[in-house]
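Structure, as structure tokens:
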Amino acid sequence: ANTKFFKRELKKRGFQFKGSETPIIPIHVGEAAKAFEFSKRLFEAGVFAPAVGYPIVAEDKARLRAIVSAAHKREQLLRAANTLAEVGKSLAIV
């Protein structure tokens, strides 16, 4: 339920990702350098979403891996979604 909730909140904020039934949500960024900067800024803001780039994924297919658990509270997920949107906008990702 938390994963579905978080995905809906991210979509509302302009993020796109492929469908998945797992709690791992790949947030597509494209350029590896931008994905790693995104991850760094999120971490500084209190949100952990590690970046994955080449050679783990194809070049220009870099992404963040957000992971949701049953232990997250809705307010934590909303704060994370808002932080992702704020940082994503500052980097022209959304």
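General observations
- Answer residue from the stretch 29-59, given it is touching a Phe, Trp or Tyr at 6+ places or on another chain (Cβ under 8 Å) and over 24 Å from Phe5 (Cα atoms) and is least open to solvent (accessible area, probe 1.4 Å) among those: Gly53
- Taking the criterion of being outside any strand (DSSP E or B) and surrounded by 12 or more Cβ atoms within 10 Å (Cβ to Cβ), the residues of the stretch 61-71 that qualify are Lys61, Val68.
- The residues in the stretch 8-24 that are open to solvent by less than 40 Å² (accessible area, probe 1.4 Å) and at pLDDT 95 or above can be counted, and the count is 2.
Residues are listed down the side, and each one gets a yes or a no for (1) part of a loop (DSSP other than H, G, I, E, B); (2) within 13 Å of the chain's Cα centre (by Cα); (3) of a type in the set (Gly, Ala, Ser):
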| position | (1), (2), (3) |
| --- | --- |
| Thr22 | yes, no, no |
| Ser39 | no, yes, yes |
| Phe48 | yes, yes, no |
| Tyr54 | yes, no, no |
| Leu77 | no, yes, no |
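- Candidates are the residues of the stretch 3-28 that are free of Cβ contacts under 8 Å to residues at least 60 places away in the same chain, in contact with a Phe, Trp or Tyr (Cβ under 8 Å, 6 or more places away or on another chain) and not charged (D, E, K, R); the one that is farthest from Ala70 (Cα to Cα) is His28.
- Which listed residue is at pLDDT below 95 and either part of a helix (DSSP H, G or I) or touching a Cys at 6+ places or on another chain (Cβ under 6 Å) (or both), from Lys4, Lys34, Lys89: Lys4
- Among residues of the stretch 31-42 that are within 16 Å of Glu86 (Cβ to Cβ), those with a beta-carbon under 9 Å from a residue that is of a type outside the set (Lys, Arg) and open to solvent by 60 Å² or more (accessible area, probe 1.4 Å) at least six positions away or on a different chain give the pairs Lys34/Ala92; Ser39/Phe48; Arg41/Ser90; Leu42/Phe48.
- Residue count for the stretch 37-71, restricted to those that are small (Gly, Ala, Ser) and touching a strand residue (DSSP E or B) at 6+ places or on another chain (Cβ under 9 Å): 6
- Residue count for the stretch 60-83 under the criterion of being within 15 Å of Ile24 (Cβ to Cβ) and in contact with a Phe, Trp or Tyr (Cβ under 7 Å, 6 or more places away or on another chain): the result is 3.
The values are calculated or read from the model by the stated rules, or taken from the named source; none is laboratory data. All values derive from a computational prediction rather than experimental measurement. Virtual Cβ from ideal backbone geometry, glycine too; neighbours counted across all protein chains shown. Accessible surface areas use protein heavy atoms only, side chains included; no ligands, DNA or RNA. Shrake-Rupley method; radii C 1.70, N 1.55, O 1.52, S 1.80 Å.
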